[in-house]
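Please read the structure below before turning to the comments.
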Amino acid sequence: MRSSVAFGLDHHDIIMTGTPEGVDRFSVGDVFDIELSYKEKILIEKHWKVEK
C-alpha cells in the first residue's frame, strides 16, 4: 500500500517506517538514496552519505 493512498502528505511531513530485525546503527560511509514519487513523477530525490 502506498502511504499517499492512506493519508495526505503536507509540506514538512516526515514519513517514518519500522526497522527490520538485524538492522544496526548508521555507520560512517553508509549511503542513502531516497525518492518520493507520485503518478510516476519524481517529486523529491535525495542522496547522502553518513559523515563523521
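The values are calculated or read from the model by the stated rules, or taken from the named source; none is laboratory data. Just so you know, these numbers come straight off a predicted model, no measurement behind them. So basically every Cβ, Gly included, is an ideal-geometry build from the backbone, and we count neighbours across all protein chains shown.
How about the stretch 9-52: which of its residues are without any contact (Cβ under 8 Å) to a residue 24 or more places away in the chain and among the aromatic types (Phe, Trp, Tyr)?
Listed by number, the residues that qualify are PHE32, TRP48.
Please go through the stretch 14-39 and give me each residue that is farther than 23 Å from GLU51 by Cα and surrounded by 10 or more Cβ atoms within 10 Å (Cβ to Cβ), ordered by number.
LEU36, SER37, TYR38
So which residues in the stretch 18-43 are closer than 29 Å to GLY8 by Cβ, of a type in the set (Phe, Trp, Tyr) and more than 13 Å from the chain's Cα centre (by Cα)?
Within the stretch 18-43, TYR38 is the sole residue that qualifies.
Which residues, counting only those in the stretch 26-52, are modelled with pLDDT of 85 or more and of a type in the set (D, E, K, R)?
ASP30, ASP33, LYS41, GLU45, LYS46, LYS49, GLU51, LYS52
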